[in-house]
Amino acid sequence: MVVGGTHGNERNAPWLLEFWRSQPQDLASQGLGLALVLGNPGAHAANRRYLERDLNRSFDPALWAESSSGQAELVRARELVDQFGPAGLEPCSVVLDLHSTTSSMGNSLVVYGRRPADLALAAGIQGQLGLPIYLHEADGAQTGFLVERWPCGLVIEVGPVPQGVLQSQICRQSQLAVEAALAVLADAADGVLRLPNQLVVHRHLASVDLPRHGDGSPAACIHPQRHGRDWQPMGPGEALFLDASGQTQAYGPPAGLEHEVVWPVFINEAAYGEKGIALSLTRRECWPLEASWGEELAALAKDLDRQSPVP
C-alpha cells in the first residue's frame, strides 16, 4: 500500500497518486500489485492537516476502543485497517506512507521502532540512494503512527516545501524513494536481496520546544545559523534560538546529553508547533546488518502480489 495525504495539506504525494493511477507505466513498480490510497480525503479536500485530530497519531487500537466520539480521523484509521490491513478486505503486508515537511530534511526515511523487516527495507533504500534515516522510538508523547499497524512499513519524508504547495522537486524525490523501496521489495520476493554491510541511523533522543513566555507565546525563534541545518551536528553552547532583541540563546543539552554532540532533525516543522516541538535531537549511529532482518523482509515479500495492476 502506498499512502499519500495522511496529512491533508501535504499536496505532493496525493498529486503523485493521481498521476500513477492515470499513467501506471510511469512508476517503476517492479510488477508489484499496489494499492494507491489517499489517507485523509476530508482533510485533503479542506487543505488542512486534519479535521479533528492528527490521523498519523490515530492508529492506536486503544484509542478506537476508548473513543465514542466518532472523530473523523479515528473513523478513517479504522477504515484503512479494515480495508487494507493484514486481515482486511484487500490485505497489504507493506505500507509506504508519503509525507512532505517544511523542514530541510531532503529526501529521507522515518522508521518507527526496530522491527527487522522495517530495518531491512530502510537499509536497502539507503544502500541505493544514500537517504538519511530518522529512527523514532522511546517517545511516549508521539504514538499511533499509521505504519505501525502493518507488518512492515516506513515513512518517506521530503522537504522543505510549504504546506499546501505542490513542487516538482518534492514529487520527483518522492517518486525516486518509492521506486527504490519497490525495487528492494521485489528483490526480497525473488530471493536476490542484497543489503549494505551497515545501516546508518539517527536515533531519537528528545524533542526541544521554543523558549516561551508565561502565556505560551514564543519568546524566541530558531537562530538563522541553525535554521535549515537538519542532519548537521550540534554541540553544547552553539547558537540555537534568537529573540526579538537580537540576543542569541545557546543550545543547553537536556539531562543526560550534557557532553554529547547531537544531530537535529525536523527543525522548525510548521505542524509541530502545536505539539511543542521546535526540533528533535538524535544520535548518529552505525549498526551492522543482521541476517535476520533480510530474512524477515524476504518472508513477507514472497507473498506480495506480482500480477495485479495498479488500481
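Values in this text are rule-based calculations from the coordinates and carry no lab data. These numbers were taken from a predicted model, which means no experiment stands behind them. Cβ coordinates were reconstructed from backbone atoms using ideal geometry, including for glycine residues, and neighbour counts include every protein chain displayed.
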Requested in this report: Determine, for I267, I277, the number of other Cβ atoms within 10 Å of each Cβ, and report the residues in order from fewest to most.
Outcome: I277, I267
Query - In order through the range 44-53: 3J(HN,Hα) via Karplus (6.51 cos²θ - 1.76 cosθ + 1.60), integer Hz, x for Gly, Pro - result: 4, 5, 8, 6, 10, 4, 7, 8, 10, 7
Query raised in the report: Tell me, in nm to one decimal, what length is gained between Q128 and A62 on full extension, where the rule is 0.36 nm per residue of separation less the Cα-Cα distance?
Result: 20.0 nm
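So for V165, V155, fewest C-beta neighbours within 10 Å to most, what's the order?
Least to most surrounded, the residues fall as V165, V155.
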Report summary line: Residue-normalised 222 nm signal for the chain, counting each DSSP H run of n ≥ 4 as -39,500 (n - 2.57), nearest 500 deg cm²/dmol, is -8500 deg cm²/dmol
Query - Calculated mean projected area of the Cα convex hull in nm² (choose from [x] 18.6; [y] 26.0; [z] 16.8), label - result: [z]
Query - the range 124-149 residues near the modelled N197 label - backbone nitrogen below 16 Å, point 7 Å along Cα→Cβ - result: 127
Query raised in the report: Cα centroid distance between the range 1-65 and the range 218-257, in Å?
Result: 34 Å
Requested in this report: Using only the Cα atoms of the range 1-63, build the gyration tensor, take square roots of its eigenvalues as a ≥ b ≥ c, and label the shape rounded, prolate or oblate: rounded if a/c is under 1.5, else prolate if a/b is larger than b/c, else oblate.
Outcome: oblate
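Run through every distinct alpha carbon pair of the range 206-287 and return the Kirkwood hydrodynamic radius in angstroms, one decimal place. Write down the numbers at each step before the final one.
Details: mean 1/r = 0.0764 Å⁻¹.
The Cα-based Kirkwood calculation yields 13.1 Å.
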Report summary line: For K275, placing the label point 7 angstrom along Cα-to-beta-carbon and taking the range 114-129, residues whose amide nitrogen sits under 19 Å are 114-115
Query raised in the report: So what J values fall out for the range 77-90 if you push phi through Karplus, 6.51 cos²θ - 1.76 cosθ + 1.60 with θ = phi - 60°, rounded to Hz, Gly and Pro as x?
Result: 4, 5, 4, 5, 5, 5, 7, 10, x, x, 10, x, 5, 10
Report summary line: Expressed in nanometres to one decimal, the distance between label points 7 Å along Cα→Cβ at K302 and R114 is 2.6 nm
Report task. Evaluate the relative contact order of the range 206-287 (contact order divided by residue number), counting alpha-carbon pairs under 8 angstrom at least 6 apart; express in whole percent. Result -> 32 percent
Query raised in the report: Among bridges DSSP assigns within the chain, what percent are antiparallel (round to 5)?
Result: 55 percent
Report task. Can you tell me the order of 139-149, 70-80 when each peptide is scored by its average per-residue count of other Cβ atoms within 10 angstrom, highest first? Result -> 70-80, 139-149
Report task. Note the angle between two axes, namely the Cα long axis of helix 116-129 and the longest principal axis of the Cα atoms of the chain, as a number of degrees from 0 to 90, rounded to the nearest 10. Result -> 80 degrees
Requested in this report: Between A239 and C286, with labels modelled 7 Å along Cα→Cβ, what's the label distance in nm to one decimal, could you check?
Outcome: 3.2 nm
Query raised in the report: How do E269, E238 rank when sorted from fewest to most other Cβ atoms within 10 Å of their own Cβ?
Result: E238, E269
Report task. State the extension gain, in nm to one decimal, for the chain segment bounded by V261 and Q232, taking 0.36 nm per residue of separation less the distance between their alpha-carbons. Result -> 9.4 nm
